[in-house]
Amino acid sequence: MLESTFNAIHIFSAIMKKNALVLLLLFLFVAGMNIPPISDSLADAPTQSSTVEPAPQATPFDVMTQVLTHQRCLNCHPAGDRPRQGDESRVHSFNIQRGEDGHGMLNAQCSSCHQSENNNFSGVPGAPHWHLAPKSMAWEGLNRIEIVQVMLDKGKNGGRSLEEIEKHLTEDPLVLWAFDPGVNNEGLPREKPPVSKEEFIKAVKQWVAEGAVIPAK
């Protein structure tokens, strides 16, 4: 009887020690985790800024000069007596010359080939009164600021006022031809300026309305 009682006490003691050890380990594990409240965790978590610096907005002057410096315009504003042609601005074929009035030589007038509209069969471009700009209005080799300075100079632009320049840039079919340049002699579309005709006209009008300011750089 005594032996049975002793064995029962021994077994119970072992079970209690085992359970106590498990409970102690569980308590230490939970206490050691030190879990903060969810709200604090979210509030303290480092955040990565998603702010992106906006790209500088193009001014009317920027938009306008993207067209004036494009080869569609520069090809007819050469520094010499030979017009340029093509997207690569090569010297005009057939030894075409400026002539006295910018319309070509007597035996090779611009209008001999360049009609009032594009000829998409031959690849010859066309627009009304096709001709070169006066030599005083040469833009070849100039930067965008120098081009606009020349454009506004009445001593070089044929005495045109600012209002007349605006009308020329926004209404003259020869200028606006740049946005509908047709195809070359291989049937491939000619490159257009990087902005649309509507964007160009809007930019010119806004630039004039705001005083036709030429930036320092």
So how do 65, 170 line up by other beta-carbon neighbours within 10 Å, fewest first?
170, 65
Which of 78, 170, 127, positive extreme of dipole for the stretch 60-209 (C-beta unit charges):
78
Can you return the aspartates and glutamates within cross-link range of residue 154? Criterion is Cα-Cα under 16 Å, with same-chain partners fewer than 8 residues away left out.
146, 163, 164, 166
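For the stretch 84-130, which chymotrypsin sites (Phe, Trp or Tyr not before Pro) pass both filters: DSSP loop (anything but H, G, I, E, B) and at most 16 other C-beta atoms within 10 Å?
121
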Gain on full stretching of the segment that runs from residue 154 to residue 192 - 0.36 nm per residue minus C-alpha separation
10.8 nm
Amide hydrogen neighbours beyond the local backbone of residue 105, cut-off 5 Å, H modeled:
97
Leaving out same-chain residues fewer than 8 places away, which aspartates and glutamates sit with a Cα under 12 Å from that of residue 135?
81, 100, 101
Set of aspartates and glutamates with alpha-carbon distance to residue 192 below 20 Å, sequence-local pairs under 8 removed:
62, 87, 88, 117, 140, 171, 172, 180
20 Å Cα-Cα threshold exceeded, pairs from 197/217; 167/202; 167/205
197/217
Separation between the residue 135 and residue 106 pseudo-spin-labels, each 7 Å from Cα along Cα→Cβ, expressed in nm?
1.9
Roughly how many nanometres apart are two label points built 7 Å out from the Cα toward the Cβ at residue 95 and residue 213?
5.1
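Here, each number is a calculation from the coordinates, and none is a lab measurement. Owing to the predicted nature of the structure, the values given are computational and were not obtained by experimental measurement. All Cβ positions, even for glycine, are placed from backbone atoms using ideal geometry, and neighbour counts span all protein chains on display.
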